[in-house]
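Written out below as structure tokens is the structure these notes cover.
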Amino acid sequence: MAKTPSRMLALGTEAPGFSLPEGDGSIFHLSSVKGKKPFLVMFICNHCPYVKHIRQSLAQLADEYAAKGISFIGINSNDFQSYPEDSPQEMVNEKRLMNYSFPYLVDESQEVAKKYEAACTPDFFLFNHEGKLVYRGQFDDSRPGNGVEVTGNDLREAFDALLEGKAPNPNQRASLGCNIKWKKGNAPSYFG
């Protein structure tokens with residue numbers, strides 16, 4: 001596992017559109033939420049210890065803030081041929097196990113990760129209802145083994161500001177996690 005920070009895409013960037021399948025084959029279109037409500041695009045996976053460390057709190061946070069009008073979208077861009085724990089069937093199992101209430105999508109081509117300049121798992125991108133990036137960065141200060149409680153405070157503060165009609169604090173800390181597992185020869189130029 002290579003400890004990798006997020007790239008911190010420029011605030012104000014417009015969310016790139018996509019249509020991706022869930023592990024069960026159903027298709028999710030970003031256009032179903034973009035322009036209608038705030039939404040969080042999360043690059044996550046099954047096997048990464050950084051994602052495993054927050055996944056229970058992430059599931060709870062998603063339930064709490066979905067009820068307040070924020071949409072959550074999970075995307076797995078890892079090469080599941082090389083990392084079978086991240087296969088579409090295992091994603092279906094993970095979604096059921098963790099009770100994820102959000103779509104958990106397969107980015108097999110890895111093109112969506114490239115459009116978002118995603119670098120690690122987890123990597124978070126919060127957009128306002130117009131589809132403009134207002135937060136990118138960490139879930140909170142907790143990391144596997146650092147003894148800090150998992151709270152989701154960084155995302156929670158961004159959500160609350162957005163729901164109050166304010167811009168989230170632009171002082172944002174990069175997420176840190178495992179690098180996205182790029183297919184051989186497919187890593188984007190910004191990576192490594």
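Each value in this text was obtained by applying a stated rule to the coordinates, not by laboratory testing. Since we're looking at a predicted model, the values are computed, not measured. Cβ: placed from backbone, ideal geometry, glycine included. Neighbour counts: every protein chain shown.
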(Q) With θ taken as phi - 60° and the coefficients 6.51, -1.76 and 1.60, list the Karplus ³J(HN,Hα) couplings across region 138-151 in order, rounded to whole Hz; mark glycine and proline as x. (A) 7, 6, 5, 7, 6, 9, x, x, 8, x, 8, 4, 7, 10
Q: Please list the equivalent ellipsoid semi-axes of region 1-65, computed as the square roots of five times the alpha-carbon gyration tensor eigenvalues, in descending order and whole angstrom.
A: 22, 17, 14
Q | region 3-179: relative contact order as a whole-number percent, Cα under 8 Å and 6+ apart | A | 33 percent
Q: Write down the percent of antiparallel bridges among all DSSP beta bridges whose residues are both part of the chain, to the nearest 5.
A: 70 percent
Q) Taking the chain as a Gaussian network, Cα atoms linked when under 10 Å apart, which of V134, V41, V148 shows the biggest mean-square fluctuation? A) V148
Q | Debye, to nearest 20: dipole size of region 1-59, +1 on Lys, Arg Cβ, -1 on Asp, Glu Cβ | A | 220 debye
Q: Search the structure for amide H atoms under 5 Å from the amide H of C120, placed 1.01 Å from N in the peptide plane, and list their residues when 5 or more places away or on another chain.
A: I180
Q.
Beyond 31 Å, how much of the Cα-Cα pair distribution for the chain remains, as a whole percent?
A. 8 percent
Q | Expected 222 nm ellipticity per residue - DSSP helices of 4 or more, -39500 (n - 2.57), all of the chain, to 500 | A | -7500 deg cm²/dmol
**Q.** Centre separation in Å (Cα based) which lies between region 155-177 and region 42-56
**A.** 20 Å
Q: Please get the size of the charge dipole for the chain, origin at its Cα centre, with Cβ charges of +1 on Lys and Arg and -1 on Asp and Glu, quoted in debye to the nearest 20.
A: 320 debye
Q.
Sorting check: for 107-119, 27-39, which peptide has the highest mean count of neighbouring beta carbons within 10 Å, and how do the rest follow?
A. 107-119, 27-39
Q: Specify which residue in the list V92, S57, L155 is farthest towards the positive end of the charge dipole of the chain, using unit charges on the beta carbon of Lys, Arg (+1) and Asp, Glu (-1), about the Cα centre.
A: L155
Q: If a cysteine in the chain has no other Cys Cβ under 4.7 Å from its own Cβ, put it on the list, ordered by number.
A: C45, C120
